[in-house]
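The values are calculated or read from the model by the stated rules, or taken from the named source; none is laboratory data. Keep in mind it's a predicted model, so treat the numbers as computed, not measured. Cβ placement follows ideal geometry from the backbone for every residue including glycine, while neighbour counts extend to all protein chains displayed. Ligands, DNA and RNA are excluded from the accessible area calculation, which covers all protein heavy atoms including side chains. Shrake-Rupley method; radii C 1.70, N 1.55, O 1.52, S 1.80 Å.
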Amino acid sequence: MNTFNHIAMNCGNIAAQEAFYTKHFGFKRSRTFHRGEPGEFFMLKLGSMRLELFPTDSSKTAEAKGGEQLVGFKHLAFDVPKLEPVIAALKADGIECDPIIELPHLAPGFRIVFFRDPEGHILELMEGYVDEE
């Protein structure tokens, strides 16, 4: 194996999730499976990263929220050039973000912020992240 392909998520409102990831991160739909049929699902792509979104029975998940699990999914993280403009755009859409965490001891200018997508999945924005040498 040599590349990561995608992360799959079940969605109570697949259209709202697609709209969120398209608007705030620039994902574009790259493939639709079972087009026009019950259970249609699709792949979103941003660079080499893909999210596969599946519909789930929203009548059974009205109270369900995504998020960190004891074992399994924790969060998705995205690099951004500057945190504040992205945070402002999220807030304009009613998405609340946690306070910015400054991490200069790990890398100069490294800062992060956490928030949740419309279905409760934890997301992280990273400014200034670099790998260790």
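Only four residue types carry charge here, +1 at the Cβ of Lys and Arg and -1 at the Cβ of Asp and Glu. Report the dipole size of the chain about the Cα centre in Debye, rounded to the nearest 20.
Working: 14 positive and 20 negative charges, 106 e Å.
With Lys and Arg at +1 and Asp and Glu at -1, about 500 debye.
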Next on the checklist: Taking the Kirkwood radius as the inverse of the mean 1/r across Cα pairs, report the Rg/Rh of the chain.
Outcome noted: 0.99
Item to check | Positive-end residue, the chain charge dipole about Cα centroid, Cβ charges, pick of 80, 5, 15 | outcome: 15
Checklist entry - Carbon and sulfur together cover what percent of the accessible area of the chain at a 1.4 Å probe radius? => result 54 percent
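Beyond 21 Å between alpha-carbons counts as too far, so tell me which of 45/65; 28/74; 23/45 fall in that bin.
Numbers: 45/65 23 Å; 28/74 24 Å; 23/45 13 Å.
Cα-Cα > 21 Å for 45/65; 28/74; rest within.
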Checklist outcome for this item: To the nearest Å², the heavy-atom accessible area per residue of the chain with 1.4 Å probe amounts to 64 Å²
Checklist entry - Full extension from residue 93 to residue 15: what is 0.36 nm times the residue separation minus their Cα-Cα distance, to one decimal in nm? => result 26.5 nm
Checklist entry - Which value in deg cm²/dmol, rounded to the nearest 500, describes the helix-derived mean residue ellipticity at 222 nm for the chain, given -39,500 (n - 2.57) per DSSP H run of n ≥ 4 and division by the residue count? => result -5000 deg cm²/dmol
